[in-house]
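Presented below is the structure to which this report refers.
The values are calculated or read from the model by the stated rules, or taken from the named source; none is laboratory data. Just so you know, these numbers come straight off a predicted model, no measurement behind them. Cβ atoms come from the backbone with ideal geometry, glycine included; neighbour counts cover every protein chain shown. Accessible surface areas use protein heavy atoms only, side chains included; no ligands, DNA or RNA. Shrake-Rupley method; radii C 1.70, N 1.55, O 1.52, S 1.80 Å.
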Amino acid sequence: MGACCSSTADPVLKQTLNHVDFTPAFTQGNAASALAQVHQAGGKVVVQRDHKNKSSVVKVATEGAKEGDEGKALLTMKDMPDGFSAVVYDASAGEPVLAIMKTSLANFFAGTSFGADVWCAKPAWQGQQPALVPITGMNMYKWATITQAVDAPVQCLDARGSPMIMIMLKTGLTTYGATVYGPMGHNANPCALGENAMGGGLGNLTGTFYFAKGVDVLMALIATNVALAHAG
């Protein structure tokens with residue numbers, strides 16, 4: 001899926017993120033207050049694994065902070081019992097803001113792709129009706145569909161079928177780098193970058209991530225998580 005062997009973000013691309021604005025390309029609304037803090041802090045977050053609680057914690061990366069003390073927790077990504085799904089909570093309110101539910105597993109021999117539906121606490125458009133999210137028992141709104149064929153980039157389409165996000169990974173020695181593209185795909189500037197990233201289940205994500213202005217941070221992290229969960 002990419003070149004070996006560094007998982008750090010390209011400094012030129014990181015600089016590019018400071019000069020592009022994706023605000024018109026993304027529909028905002030999920031955990032908006034928390035995610036606004038990401039952009040106010042320069043668009044950088046650190047995701048750490050909480051092994052005791054089987055979850056990952058998303059924090060704003062405060063400049064100069066020591067490892068383990070990066071800043072206030074914004075989001076918590078918690079594994080579901082099936083091992084292929086996760087629910088994301090607003091860390092301050094403790095309320096669910098997003099759920100990602102597996103719909104199919106990748107199988108090279110059967111020619112099937114991994115698939116997942118993304119459900120959110122707020123509607124993607126006015127008048128959208130909520131539905132029952134499998135496993136969780138929660139009523140939420142269908143926000144996006146994520147697919148990944150074997151040895152192919154992750155593709156994320158919004159609830160109406162329009163391109164939203166594409167993920168391409170770069171393999172490092174023990175971790176991955178991730179380049180996140182917006183609706184225009186890989187022929188345009190990236191909208192986010194990840195470095196020193198790892199993932200297991202869909203609630204298991206670690207790494208440092210950088211975002212351009214206007215990017216749906218939550219959706220970018222979830223799509224990257226899918227890519228890492230199926231890497232290697």
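Quick notes
- Scan of the stretch 184-216 for residues that are charged (D, E, K, R) and out of contact with any His (no Cβ under 9 Å at 6 or more places or on another chain), ordered by number: E195, D216
- Any hit, the stretch 74-85, residues being in a loop (DSSP other than H, G, I, E, B), touching a Ser or Thr at 6+ places or on another chain (Cβ under 8 Å) and modelled with pLDDT under 80: no
- Within the stretch 154-165, the set of residues being over 13 Å from the mean Cα position of the chain (by Cα) and either of a type in the set (S, T, N, Q) or surrounded by fewer than 20 Cβ atoms within 10 Å (Cβ to Cβ) (or both) comprises L157, R160, G161, S162, P163.
- Inspection of the stretch 179-188 identifies no residue that is under 22 Å from P96 (Cα atoms) and either crowded, with 18+ Cβ neighbours inside 10 Å or not hydroxyl-bearing (S, T, Y) (or both).
- Inclusion of P123 among residues that are surrounded by fewer than 20 Cβ atoms within 10 Å (Cβ to Cβ), touching a helix residue (DSSP H, G or I) at 6+ places or on another chain (Cβ under 7 Å) and part of a loop (DSSP other than H, G, I, E, B) is not warranted.
- Residues that are of a type outside the set (D, E, K, R) and not in a strand (DSSP E or B), drawn from the stretch 137-165: G137, M138, A149, V150, A152, P153, A159, G161, S162
- The stretch 28-58: number of residues that are modelled with pLDDT under 75 and of a type in the set (S, T, Y): 1
- Qualifying residue in the stretch 209-224 (condition: modelled with pLDDT of 85 or more and farther than 23 Å from C120 by Cα): no
- Selected residue (criterion: modelled with the lowest pLDDT) from residues of the stretch 1-27 that are hydroxyl-bearing (S, T, Y) and open to solvent by 20 Å² or more (accessible area, probe 1.4 Å): T27
The rows are residues; the columns are (1) part of a strand (DSSP E or B); (2) open to solvent by 40 Å² or more (accessible area, probe 1.4 Å); (3) among the hydrophobic types (A, V, I, L, M, F, W, C).
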position: I167; (1), (2), (3): yes, no, yes
position: G177; (1), (2), (3): yes, no, no
position: L193; (1), (2), (3): yes, no, yes
position: L218; (1), (2), (3): no, no, yes
position: I222; (1), (2), (3): no, no, yes
position: L228; (1), (2), (3): no, no, yes
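- Close pairs from the stretch 133-146: first more than 19 Å from M219 (Cα to Cα) and open to solvent by 40 Å² or more (accessible area, probe 1.4 Å), partner part of a loop (DSSP other than H, G, I, E, B) and among the polar types (S, T, N, Q), Cβ under 7 Å, at least 6 apart: I135/S85
- Leading residue by the ranking (farthest from V217 (Cα to Cα)) among those in the stretch 43-57 that are of a type outside the set (S, T, N, Q) and open to solvent by 30 Å² or more (accessible area, probe 1.4 Å): K52
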